[in-house]
Every structure is written in C-alpha cells, then in structure tokens.
Amino acid sequence: MVRILGNQTLTLVHGLGDFALFTLRSFQAVLGSRRLFRRIVRAGFEQGVRCLPVILIVGMFTGLVLGLQGYYVLNRFGSESLLGALVSLSLVRELGPVLAALMLVGQAGSALAAELGIQRNSEQIAALETMGVNSLGYLITPRLIAAVLVYPMQTALFVTVGLWGGSLSGSLLLGIQPGVYWSAVERAVASQDVNECFIKAATFGLLTVALCCYHGFNTHRNRRASGARGVSASTTRAVVQSSILVLAADYVITSYLV
C-alpha cells in the first residue's frame, strides 16, 4: 500500500509539473507565432459564438429556478423584497462563473480535446513540427488567449440572462413588482462582486482550456488505449478533470477574496 501510494503521488506531481510547463511554453510561444490574431479570432468564435445557445438557455433557467426557490425561502421570513439581492449575488459571485465555465467545458472544451487528439493520432502535429512550426504556438496559444477573453464575456451574458430570468419568476409568477426586484439588485451588487466574477471567469477559462489542450495534445501518451479509444479517453479525462478544477479553483479564489 505504501508503494502504491508513493507511485500515485509521484505520478500526480509529475503530471502537475508537466501541465504547468505545457501552459508556460504555450504562452512563451506568443513571441514567435505568426498570424496570431487570425487564429485568436477563430478560437474565440469556437468558444464564444458556438456556445451562445447553451449559455443563454442555461442562464435563463438558472435565473428562473433561483427566483422560485429564493422566493419560497425568503417568504418564510417575510423578506420577499430581497429576492433581487439573493438572485444577483448568487449569480454574480458563484453560480454565474461556475456554471458558465462548466457549460463551456462540456461543449468547447470537449470539442477542443477531441480535435487535438485526432490531430495527434493522424500525425498532423508531427507534420507541423517537421516543417519547423511551433505546434504549441500554432495550436494552443491562440486558444488560451481567446479563453481569457471569451470566458468573462460569456459569464457576463450568463449573469445578465439569469437576472432577467429571476425577474420573470418574481414578477410574472410570484407577483413581485419589477421595480422592487431591480432596486434590490442595484443595492446588493457592488464593484467588488463584479471584479470577483470576472477574475473567476478568466481564471476558469485559462485553467480549463489549458487542461483540455494538454490532454488532447498528449493523447499519444495514453498507454491503456490508442486510436479512437485513446481520443475518447483523453476527451473524457479532460472534461472530468476540468470540471473538478473549476470547483477547486472557485473555492480557492473565494477563500482569498472574501
């Protein structure tokens, strides 16, 4: 048992170090990368525009559910007028950045890991390196930069739609005046809350996209499966670990900023 625990610990430490070096080298590749802006725009389209439907739908239903559940909780204490504060702070500080990141991981992150895994298995990445092209700068760097830019935008959209969902629940279904709801939102949300939301969104974007790229790029290292099964295993591992990383990073950032 001690030997197994030691091997697992060494494997974990080696993986974390390899992931950190992979991310660092990807950012270092910015200096020698050509046509970087065009690839950043393309990566932003993949992570942003294509993920808009899921962000809008999940954000709306999150706000609707928060409005219903928040009203029933506040009604017990006679504080229905604070529904806007409850919905807004829940979305801005926690649920907005976390749920938006999880949705983006499920759609954009999984597609990214699968695409890189297929490129690795079909030797497209090896062909780039043979031609003298920095594969990290060509494939990874634009996606990391795009993630830092796109994730806060998607989170802001998620929170905005969620606030309107909470307003619909409160005004149409529960009879709360819209003015009461939005005035509570205005009083509750401070600039510090918004800054924390954007810091979390940018951090989640960088960590999750880097992890998905890492697993897809290193699909050939998987000894248990190869070919299509290797790509499937790498994609599954990327999504699961990214989701866990979002929740762990959320706890660390919240503990530091509160």
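Nothing in this text is a laboratory measurement; each read-out follows from the coordinates by a stated rule. The structure presented is a predicted model; accordingly, all values stated were derived computationally and were not measured. Don't worry about glycine lacking a Cβ; one is built from the backbone with ideal geometry, like all the others, and counts go over all protein chains shown.
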Are there GluC sites (Glu not before Pro) in the stretch 121-198 that DSSP puts in a loop and that have at most 16 other Cβ atoms within 10 Å, and which ones? 123
What angle do you read, to the nearest 10 degrees and between 0 and 90, between the alpha-carbon axis of helix 2-28 and the longest principal axis of the chain? 90
Expressed in angstrom and ordered largest first, the alpha-carbon extents of the stretch 102-215 along the principal axes are 65, 28, 16
Suppose every K and R has +1 on its Cβ and every D and E has -1 on its Cβ; what is the size of the dipole of the stretch 67-187 about the Cα centre, in Debye to the nearest 20? 260
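Can you give the alpha-carbon Rg of the stretch 127-171 over 2.2 N^0.38 Å, where N counts its residues? Please report the intermediate quantities before stating the final value.
Values: Rg = 19.2 Å, N = 45, 2.2 N^0.38 = 9.3 Å.
With N residues counted in the stretch 127-171, Rg over 2.2 N^0.38 Å equals 2.06.
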Label-point separation, residue 127 to residue 27 (7 Å along Cα→Cβ), nm: 3.2
Let me have the 222 nm mean residue ellipticity of the chain computed from DSSP H runs of 4+ only, each contributing -39500 (n - 2.57), with the sum over all residues rounded to the nearest 500. -25500 deg cm²/dmol
Estimated Rh, the stretch 28-78: Kirkwood, alpha-carbon pairs, angstrom: 14.4
Provide, in order from the shortest bin, the percent of all Cα-Cα pairs of the stretch 39-178 in each 5 Å bin, continuing until the bin that contains the maximum pair distance. 2, 10, 17, 16, 13, 10, 8, 7, 6, 4, 3, 2, 1, 0
Which one of 75, 241, 63 has its Cα pushed farthest toward the positive end of the charge dipole of the chain, where Lys and Arg give +1 and Asp and Glu give -1 at the Cβ? 241
Taking the Kirkwood radius as the inverse of the mean 1/r across Cα pairs, report the Rg/Rh of the stretch 168-210. 1.25
Against the 2.2 N^0.38 Å rule of thumb, the C-alpha Rg of the chain sits at a ratio of 1.16
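Would the stretch 159-258 count as rounded, prolate or oblate if I go by the C-alpha gyration tensor, calling it rounded below 1.5 in a/c and otherwise prolate when a/b exceeds b/c, oblate otherwise?
Prolate.
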Taking Cα atoms, how many degrees apart are the long axis of helix 141-168 and the longest axis of the chain, rounded to 10 and kept between 0 and 90? 20
Trypsin sites (Lys or Arg not before Pro) within the stretch 68-130: which are DSSP loop residues with at most 15 other Cβ atoms inside 10 Å? 76
If one compares the long axis through the Cα atoms of helix 227-257 with the longest principal axis of the Cα atoms of the chain, the angle in degrees, nearest 10, works out at 50
Under the 0.36 nm per residue contour assumption, what length would be gained going from the current alpha-carbon distance of residue 190 and residue 50 to full extension? 47.3 nm
